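Colleague: Here it is: the structure, laid out below.
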Amino acid sequence: MAAGPVLGVARRGLAWVIAGVPRRELWSRFREEKKPVVAETLEEVKKEPILVCPPLRSRTYIPPKDLQSRLESCVKEIFGSSAPSNWQDVSLEDGHLKFSFLSRLADDLGHAVPNSRLHEMCRVRDVLDFYNVPVQDRCKFDELIASNLPPNVKITWGY
């Protein structure tokens, strides 16, 4: 048998030819299908608003003067008639009641109990003790500057 083209594939010089079409033309079809990025889509992306980071949240908390009355009304509202006469001894063992109580106080007072302290809140008295402590939003350097430092210690911000 003669060695000739099989299924329309033959070799001419250094290039393979399939059914009369050089290999270069086969691959160029796929390149043409990819359309270049249109400038209009780039402009649309640029027109979208740029998201700006929100300002840092202030963690300053000063307990209100009527804190006990707020807590007492919240206890009576959430626990209802099951609350004993001494409202500070109400147990927070039920997870649903504890969640609703603490979330209501967080919304009302603007200061939430952090996750690391939730296990310490066993009774309403513990919650009252937590909310009685004021929180200052200052870094340690600000506290050091405000304190009375010896004359040989100076804090310089520009370094």
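The values are calculated or read from the model by the stated rules, or taken from the named source; none is laboratory data. Note that the coordinates shown come from a computational prediction; the quantities given were computed from them, not determined experimentally. Using ideal geometry, Cβ is built from the backbone for each residue, glycine included, and neighbour counts are taken over all protein chains shown. What goes into the accessible areas is simple: the full protein's heavy atoms, side chains included, and nothing from ligands, DNA or RNA. Shrake-Rupley method; radii C 1.70, N 1.55, O 1.52, S 1.80 Å.
Colleague: Could you count how many residues in region 115-158 are assigned to a loop (DSSP other than H, G, I, E, B) and modelled with pLDDT of 90 or more?
Modeller: Selection size over region 115-158: 5.
Colleague: What pairs come out if I take residues in region 130-159 that are farther than 30 Å from E120 by Cα and pair them with residues that are assigned to a helix (DSSP H, G or I) and among the charged types (D, E, K, R) whose C-beta lies under 7 Å away, six or more apart or interchain?
Modeller: none
Colleague: Residues in region 93-102: is at least one without any contact (Cβ under 8 Å) to a residue 12 or more places away in the chain, among the aromatic types (F, W, Y) and more than 30 Å from T156 (Cα to Cα)?
Modeller: Scanning region 93-102 turns up at least one residue that is without any contact (Cβ under 8 Å) to a residue 12 or more places away in the chain, among the aromatic types (F, W, Y) and more than 30 Å from T156 (Cα to Cα).
Colleague: Identify the single condition in (1) open to solvent by 80 Å² or more (accessible area, probe 1.4 Å); (2) within 26 Å of T60 (Cβ to Cβ); (3) among the small types (G, A, S) that S82 does not satisfy, given that it satisfies every other one.
Modeller: So the condition that S82 fails would be (2).
Colleague: Right, here's the next one. In region 77-100, which residues are at pLDDT 90 or above and in contact with an Asp or Glu (Cβ under 9 Å, 6 or more places away or on another chain)?
Modeller: If the condition is that a residue be at pLDDT 90 or above and in contact with an Asp or Glu (Cβ under 9 Å, 6 or more places away or on another chain), then L92 is the only one that fits.
Colleague: Which numbered condition trips up A112, out of (1) part of a helix (DSSP H, G or I); (2) loosely packed, with under 15 Cβ neighbours inside 10 Å; (3) touching a helix residue (DSSP H, G or I) at 6+ places or on another chain (Cβ under 8 Å)?
Modeller: It fails just one condition, (1).
Colleague: Could you look through region 88-99, keep only residues that are within 18 Å of Q68 (Cα to Cα) and assigned to a helix (DSSP H, G or I), and pick out the one that is most open to solvent (accessible area, probe 1.4 Å)?
Modeller: Start the filter on region 88-99 by keeping residues that are within 18 Å of Q68 (Cα to Cα), which leaves 88-92, 98.
Keeping just the survivors that are assigned to a helix (DSSP H, G or I) gives 88-89, 98.
Values: Q88: 37, D89: 60, K98: 41 Å².
Result: D89.
Colleague: Right, something else. Does at least one position in region 56-63 carry a residue that is in contact with a strand residue (DSSP E or B) (Cβ under 7 Å, 6 or more places away or on another chain), part of a loop (DSSP other than H, G, I, E, B) and under 22 Å from V133 (Cβ atoms)? Don't jump to the end; show me each part of the working.
Modeller: Quick first cut of region 56-63, residues in contact with a strand residue (DSSP E or B) (Cβ under 7 Å, 6 or more places away or on another chain) only: 59-61.
Then drop every residue that is not part of a loop (DSSP other than H, G, I, E, B), which leaves 59-60.
Among the residues that remain, those that are also under 22 Å from V133 (Cβ atoms) are: 59-60.
Taking every residue of region 56-63 in turn, at least one turns out to be in contact with a strand residue (DSSP E or B) (Cβ under 7 Å, 6 or more places away or on another chain), part of a loop (DSSP other than H, G, I, E, B) and under 22 Å from V133 (Cβ atoms).
Colleague: May I pose another question? Within region 100-130, can you find the residues that are among the aliphatic types (A, V, I, L, M) and within 13 Å of L67 (Cα to Cα)?
Modeller: Residues satisfying the conditions are L105, A106, L109, V124, V127, L128.
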